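For reference, the structure discussed in these notes is given below.
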């Protein structure tokens, strides 16, 4: 079962809500009903105390309604922030798989991150720029609302609070904590001066430092949300550093360059004990299953291990093989094969050309290629 669900599309980009998002809406609404912070602002020569937070809004029902409206508008702004990244990426021909809204913000899933430093910097800055525009626009509207409806009107409070939060989001996202937006700008700056893998490593290390700093700030007064964000940044920085170190050396390498073409296939009628002996003798962890020369599935050692020992003598490959399989073409990039394996947590991909099985590429093949290419 997926932990996120689609709510529609904007410019062809699927917008998804993570289940944590449903919990944070009432939480944010509740938090902003519990306080009011006056902030003196000079509007056309007169000083007004604009309120941040809905604690002073009356009656209580209006307080709740405006707080919920604020929390929903806030995450609309987060979605627009991610769309800012996405629209710039699409201008450069990068496909956006989806935008997912989590409790801590939004994440745009892109097929690839451009290696051109200038392009990556523009994409990274686009999101905070949208937040800044939304923040300034909301603040200016709050000034108009203050003049027309009064500084204590809930709409004035909503607009001012939304504006302040968007400015805070802009500043926060520009921190050089990779893989946040500021960290990507930092990576782009490093990449203009050194190899891309090394640039990513340096930016990731700085991102981890900020994550550790935020973690302790959260523990000692910053709140649990800051702790969770810090953990997310640390894990995301580590994952992207590792992913870049794997994918970049494979650039320019095709699947046909590294795939195994001396294929051993088995049929669905093959007894399980026979396939176990085959795996033991040939030291392969999986085999394609074919019927009349056509690929019907894949059987792996993990499939075999799921069968109770007392049933292995009467079980055949056809009963345990995986029929829903992912394949790849020989002319595809080896980096694409690695991405597929990492995303789907699989160890091998059958290679198909014109409907025929022509080879198989395994994670071992890819790791061997990475080792060789990294040494060039």
*Mind listing whichever residues of region 40-54 are surrounded by fewer than 13 Cβ atoms within 10 Å (Cβ to Cβ) and either touching a helix residue (DSSP H, G or I) at 6+ places or on another chain (Cβ under 8 Å) or not in a strand (DSSP E or B) (or both)?*
44, 45
*Search region 182-196 for residues that are assigned to a loop (DSSP other than H, G, I, E, B) and pair each with any residue that is modelled with pLDDT under 95 when their beta-carbon atoms are under 6 Å apart and the residues are at least 6 apart or on different chains.*
192/117
*Looking only at residues in region 59-70 that are free of Cβ contacts under 8 Å to residues at least 12 places away in the same chain and in contact with a helix residue (DSSP H, G or I) (Cβ under 9 Å, 6 or more places away or on another chain), which one is surrounded by the most Cβ atoms within 10 Å (Cβ to Cβ)?*
65
_Yes or no: region 221-229 includes at least one residue that is touching a residue at least 12 places away in the same chain (Cβ under 8 Å), loosely packed, with under 15 Cβ neighbours inside 10 Å and either within 30 Å of residue 175 (Cα to Cα) or more than 22 Å from the chain's Cα centre (by Cα) (or both)._
no
_Of residues in region 3-35 being touching a helix residue (DSSP H, G or I) at 6+ places or on another chain (Cβ under 9 Å) and in a loop (DSSP other than H, G, I, E, B), the one surrounded by the most Cβ atoms within 10 Å (Cβ to Cβ)_ = 3
_Set 168, 164: member being surrounded by fewer than 22 Cβ atoms within 10 Å (Cβ to Cβ), modelled with pLDDT of 90 or more, in contact with a strand residue (DSSP E or B) (Cβ under 8 Å, 6 or more places away or on another chain) and farther than 30 Å from residue 320 by Cα_ = 164
*Output the residues belonging to region 258-272 that are modelled with pLDDT of 90 or more and assigned to a helix (DSSP H, G or I).*
272
_One residue is enough: does region 327-346 have a residue meeting the conditions part of a loop (DSSP other than H, G, I, E, B), under 26 Å from residue 254 (Cβ atoms) and touching a helix residue (DSSP H, G or I) at 6+ places or on another chain (Cβ under 6 Å)?_
yes
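Would you mind finding the one in 275, 246 that is touching a helix residue (DSSP H, G or I) at 6+ places or on another chain (Cβ under 7 Å), crowded, with 19+ Cβ neighbours inside 10 Å and touching a residue at least 24 places away in the same chain (Cβ under 8 Å)?
275
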*List every residue pair whose Cβ atoms sit under 8 Å apart, with the two residues 6 or more apart in sequence or on different chains, where the first one lies in region 90-101 and is assigned by TED's automatic domain parsing to the domain that holds residue 120 and free of Cβ contacts under 8 Å to residues at least 40 places away in the same chain and the second, anywhere, is in a loop (DSSP other than H, G, I, E, B) and loosely packed, with under 13 Cβ neighbours inside 10 Å.*
94/111; 95/111
*If you check 73, 80, 134, which single one turns out to be in the same structural domain as residue 51 (by TED's automatic domain parsing), part of a helix (DSSP H, G or I), crowded, with 22+ Cβ neighbours inside 10 Å and touching a helix residue (DSSP H, G or I) at 6+ places or on another chain (Cβ under 8 Å)?*
134
_Residue count, region 147-161 (criterion: over 20 Å from residue 45 (Cα atoms) and either more than 40 Å from the chain's Cα centre (by Cα) or surrounded by fewer than 21 Cβ atoms within 10 Å (Cβ to Cβ) (or both))_ = 2
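The values are calculated or read from the model by the stated rules, or taken from the named source; none is laboratory data. On a predicted model such as this, the values are computed, not experimentally measured, just so you know. Cβ coordinates were reconstructed from backbone atoms using ideal geometry, including for glycine residues, and neighbour counts include every protein chain displayed.
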